[in-house]
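Visitor: Quick one: the structure is below, questions incoming.
The values are calculated or read from the model by the stated rules, or taken from the named source; none is laboratory data. This is a predicted model, so every value here is computed, not measured. Here the Cβ positions follow ideal geometry from the backbone for every residue, glycine too, while neighbour counts run over all protein chains shown.
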Amino acid sequence: MAMTDISKLCWICGEIATTGEHLHKKTDVVAMFGDKFSKRVVRTNLEGKDKKFIQSPNSKELMFRNNLCAKCNNETTQPFDRAYVMFADYIRKNLSMLTRELEINLNLIFGKRDAKEKQQNLFRYFAKAFGCRLHDAGLSVPQALKDIFGGANYGNTYRVCVCLNSEKLGGLSIFPLEGDQNERGESIDYYWVQDNGWFTVVHAYNRQIPSEYGDEWFGKSKRIVVGKWLDLP
Ligand SMILES: [Zn+2]
């Protein structure tokens with residue numbers, strides 16, 4: 001019997017992956033460059049290489065290859081995506097205030113009544129994006145990350161920091177996935193950065209994030225102390 005290639009399966013539930021999650025969220029891309037691009041949008045890696053020209057917010061280049069089944073991508077995780085869209089929209093609209101205060105009060109974004117559930121969903125969105133990045137690199141997604149989808153009772157191996165960008169970036173970039181290995185060559189931690197134009201999200205699994213990028217957020221506090229992204233190229 002032929003083995004099924006694990007990279008072709010949905011990393012959340014194990015069904016065949018038929019849809020690709022966005023590597024760059026479409027709402028962020030539209031906010032940065034508009035619905036119809038009036039000039040060419042370029043995406044590069046951190047060294048400014050591997051240049052890709054993006055024609056529209058619907059470009060395949062903005063997606064991961066198929067990595068989730070339709071149910072997980074469209075149904076199960078849609079509330080996560082929606083919480084993120086509200087979060088990103090709020091930061092864009094309040095950037096100068098946030099740059100002064102360096103703190104995000106999630107109650108102001110989600111409303112006091114729904115804040116707890118939606119802030120959990122926001123954290124799950126980050127875990128989803130990070131899981132997609134690992135899966136895309138051919139790595140198996142740690143169970144600790146999947147546990148975050150289940151409920152409030154998950155560990156604290158995975159965390160994010162949110163940094164405000166000093167200025168809106170003029171293009172898109174892809175950051176490398178970093179990680180350390182033990183002496184047997186097995187991955188023991190991961191680190192990744194996702195740039196969203198006005199702000200940057202730093203993801204880490206089993207590893208601390210430097211404090212200048214903000215306070216580590218585990219999805220449990222309603223306040224996020226943000227950092228300033230100092231050394232973007
Ligand atoms: Zn699935």
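Visitor: So in region 170-188, with the set limited to residues that are crowded, with 16+ Cβ neighbours inside 10 Å and not polar (S, T, N, Q), which one is farthest from residue 32 (Cα to Cα)?
Guide: Restricting to residues being crowded, with 16+ Cβ neighbours inside 10 Å and not polar (S, T, N, Q), the top hit is 179.
Visitor: Here is a follow-up. Any idea which of 59, 96 is within 25 Å of residue 11 (Cα to Cα), away from the ligand (no atom under 16 Å from the Cβ) and without any contact (Cβ under 8 Å) to a residue 24 or more places away in the chain?
Guide: Only one candidate passes the filter, namely 59.
Visitor: Another question about this same structure. Just for region 4-36: of the residues that are closer than 15 Å to residue 61 by Cα and assigned to a loop (DSSP other than H, G, I, E, B), which one is nearest to the ligand (Cβ to nearest atom)?
Guide: Step by step, filter region 4-36, then rank; the result is 21.
Visitor: Quick one: which residue in 123, 149, 80, 87 is buried (at least 17 other Cβ atoms within 10 Å of the Cβ), in contact with a Lys or Arg (Cβ under 7 Å, 6 or more places away or on another chain), under 23 Å from residue 204 (Cα atoms) and modelled with pLDDT of 95 or more?
Guide: The match here is 80.
Visitor: A further question on this structure: How about region 44-72: which of its residues are surrounded by fewer than 17 Cβ atoms within 10 Å (Cβ to Cβ) and assigned to a helix (DSSP H, G or I)?
Guide: Residues satisfying the conditions are 60, 61, 70, 71.
Visitor: A further question on this structure: Confirm whether residue 209 is crowded, with 16+ Cβ neighbours inside 10 Å, among the β-branched types (Val, Ile, Thr), touching a residue at least 24 places away in the same chain (Cβ under 8 Å) and not in a strand (DSSP E or B).
Guide: So residue 209 passes the test.
Visitor: Within region 87-95, does at least one residue satisfy the condition of being of a type in the set (A, V, I, L, M, F, W, C) and over 28 Å from residue 44 (Cα atoms)?
Guide: Checked region 87-95: no residue is of a type in the set (A, V, I, L, M, F, W, C) and over 28 Å from residue 44 (Cα atoms).
Visitor: A follow-up question, please. Kindly evaluate residue 80 against the criterion of being touching a residue at least 12 places away in the same chain (Cβ under 8 Å), of a type outside the set (S, T, N, Q) and within 16 Å of the ligand (Cβ to nearest atom).
Guide: Yes, satisfied.
Visitor: Ok, one more. Sort through 106, 102, 95, 122 and tell me the only one that's aliphatic (A, V, I, L, M), closer than 12 Å to residue 219 by Cα and over 17 Å from the mean Cα position of the chain (by Cα).
Guide: Answer to the check: 106.
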